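Any read-out appearing in this document is the output of simple, stated calculations on the displayed coordinates, not a laboratory observation. Remember, it's a predicted structure, so these values are computed and weren't measured experimentally. Here Cβ is always computed from backbone atoms with ideal geometry, including for glycine, and neighbour counts include all displayed protein chains.
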Amino acid sequence: MIPEHLKYTNTHEWFFVDTKSITVGLTKFIVEKLNRLLFLDLPQVGEEILSDICFGEVESLEMLLDITSPLPGEVIAVNERLFENLDILSNDPYGHGWLIKFVTNERHLLDKLLSAQEYAKHINKLQPVPPPKRRKPRSKVVKRRQRK
């Protein structure tokens, strides 16, 4: 289920906006695609993040994912617990698995983010559609008349 109160990007980051800051995390869809997480790299408090430039990475056995934000800003908090236990991100990506919090003067760019419904359509396009199940042909059973 995709939380309705968050905003999303095509690159699978979610954004929670409150009056003071913006919290960023990774969606359940991409965390499940990554499968077993091995490594996480995030900026430190006080660092600047630039719009559409990688500010962190998460690595799994299968792939390396760059983490980006369409909004620039200054990092005010980093979820340090993830460095000790990446399972938090895997098990609760929309709650305790948040990555960073930042402040920005570019809040107008939030309008370009996807709603939950738009993000759901986006990930449905990415998932291969299973082929339709073919019905097995039924063998015709013909009742024979018994001879007298």
If you take every residue apart from Leu114 with its C-beta less than 10 Å away from the C-beta of Leu114, what net charge results, scoring Lys and Arg +1 and Asp and Glu -1?
+2
Which net charge results when you count Lys and Arg as +1 and Asp and Glu as -1 among the other residues whose beta-carbon is under 13 Å from that of Leu71?
-2
Rounded to the nearest 10 degrees, what's the angle between the helix 116-126 long axis and the longest principal axis of the chain, both from Cα atoms, 0 to 90?
60
Report, in debye and to the nearest 20, how large the dipole of the chain comes out about its Cα centre when Lys and Arg carry +1 and Asp and Glu carry -1 on their Cβ.
3320
By the mean-Cβ-within-10 Å protection proxy, highest first, 80-88, 105-113 rank as 80-88, 105-113
Sparse-neighbourhood loop hits (trypsin sites (Lys or Arg not before Pro), region 1-63; DSSP loop; Cβ within 10 Å at most 11 others) -> Lys20, Arg36
Of the candidate values [x] 43, 16, 9; [y] 46, 18, 12; [z] 38, 19, 12, the one computed for semi-axes √(5λ) of the Cα gyration tensor in Å from this structure is [y]
Restricted to pairs 8 or more residues apart or on different chains, the lysines in the chain with C-alpha atoms under 26 Å apart form a number of pairs equal to 25
